[in-house]
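> Can you keep this structure in mind? I'll have questions shortly.
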Amino acid sequence: MDPIIHIENIHKHFGKIHALRGVGLDVHKGEAVVIIGPSGSGKSTLLRCINRLEEYEAGRIVVDGIPLDSAQNINAVRREVGMVFQSFNLFAHLTVMENLTLAQRIVRKRSKDESEKVALDLLEKVGIPDKAQAYPIQISGGQQQRVAIARALAMNPKVMLFDEPTSALDPEMIKEVLDVMLALAKEGMTMVVISHEMGFARAAANRMILLDEGMIIEESTPDKFLTSNNERIRIFLSKVLHM
């Protein structure tokens, strides 16, 4: 079966910094892949290359059979790929409901009634159906991130990308977001997640990847990964698990 995400020999520079050095990765439908690595290792850059929020100089990326080689194809891929960032990126002047329905109506051409029904169903799914008429400033960080996840899901994406979605949250809010993500993984959503939450990775991931200095150092199942004798993994995990 062809992978839903095919990444082949990707290179990316920021000035003199070689951020991605020939990265290759296949993700199959229904897989949850968790990427870890030190700051500056290229994790977010790789994730942003998957929907061409970041340009790359060499290599090839194909998402759901569509190569990212033209503006038309890039727009087609972006319609099928949801992304959740560290910061929630909600529109502060819009209610939660308006945040969830805006892109549905513009991009998916759904009616007001249909888009609101989708939004309410998703707010129920992420556990905050009572926040539909609230503004972002009126809800907690964890609730805002759950709204951001619901907003991405409202577009019926084939793939979800998560860029350290809990890193901006207070500790007590992290679990509520990870619970939503774990439920998505168990439902078979294809996910690529940058996260240092090892409990989540063990529970949700089919594969874990260590990215360091722009290269994939190790790739294996969570059990093998978390018990690996690879010195770079052990050093990195010792820092993460003792934070």
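The values are calculated or read from the model by the stated rules, or taken from the named source; none is laboratory data. Being a predicted model, the structure only gives us computed values, none of them experimental. Positions of Cβ are backbone-derived with ideal geometry, glycine not excepted, and every protein chain shown enters the neighbour counts. Accessible surface is based on the protein model in full, side chains and every heavy atom, while ligands, DNA and RNA are left aside. Shrake-Rupley method; radii C 1.70, N 1.55, O 1.52, S 1.80 Å.
> Over the range 49-151, what number does the Rg to Rh ratio reach, with both radii from the alpha-carbon atoms and Rh per Kirkwood?
Checking Rg against Rh, the ratio lands at 1.04.
> Taking the square root of 5 times each eigenvalue of the Cα gyration tensor, what semi-axes in Å does the equivalent ellipsoid of the range 1-112 have, largest first?
Sorted largest first and rounded, they come to 27, 18, 14 Å.
> Please list H93, H13, H18 in order of solvent-accessible area, largest first, computed with a 1.4 Å probe with all protein chains present.
Of H93, H13, H18, the descending order of accessible area is H93, H13, H18.
> Kindly report the accessible area of the range 123-231 per residue (heavy atoms of protein chains, probe 1.4 Å, no ligands, DNA or RNA), in Å².
So the range 123-231 comes to 42 Å² accessible per residue, rounded to a whole number.
> Summing +1 for each Lys or Arg and -1 for each Asp or Glu, what net charge is found among the other residues whose Cβ lies under 13 Å from the Cβ of T221?
-1
> Let me ask another. Roughly speaking, to the nearest percent, how much of the range 37-139's 1.4 Å accessible area is carbon and sulfur?
On the range 37-139, the fraction of accessible area on carbon and sulfur atoms equals 50 percent.
> Here's a follow-up. Can you list, bin by bin at 5 Å, the percent of alpha carbon pairs in the range 195-243, starting at 0?
Computed distribution, short to long bins: 5, 21, 34, 29, 11, 0.
> Still on this model: Which aspartates and glutamates does K175 reach when only Cα atoms under 20 Å apart count, and residues fewer than 8 places away in its own chain are ignored?
E124, D130, D163, E164, E187, E197
> Quick one: Cα centre-to-centre distance for the range 171-243 and the range 79-125, in angstrom?
28 Å
> So which GluC sites (Glu not before Pro) in the range 96-195 end up in coil per DSSP with only 11 or fewer other C-beta atoms within 10 Å?
Passing sites in the range 96-195 are E187.
> If you look at just the Cα atoms of the range 118-243, how large are its Rg and its Dmax in Å?
When restricted to Cα atoms, the range 118-243 yields Rg and Dmax of 16.0, 51 Å.
> Per residue Cα convex hull volume for the chain, in cubic angstrom?
Convex hull of Cα atoms, per residue: 133 Å³.
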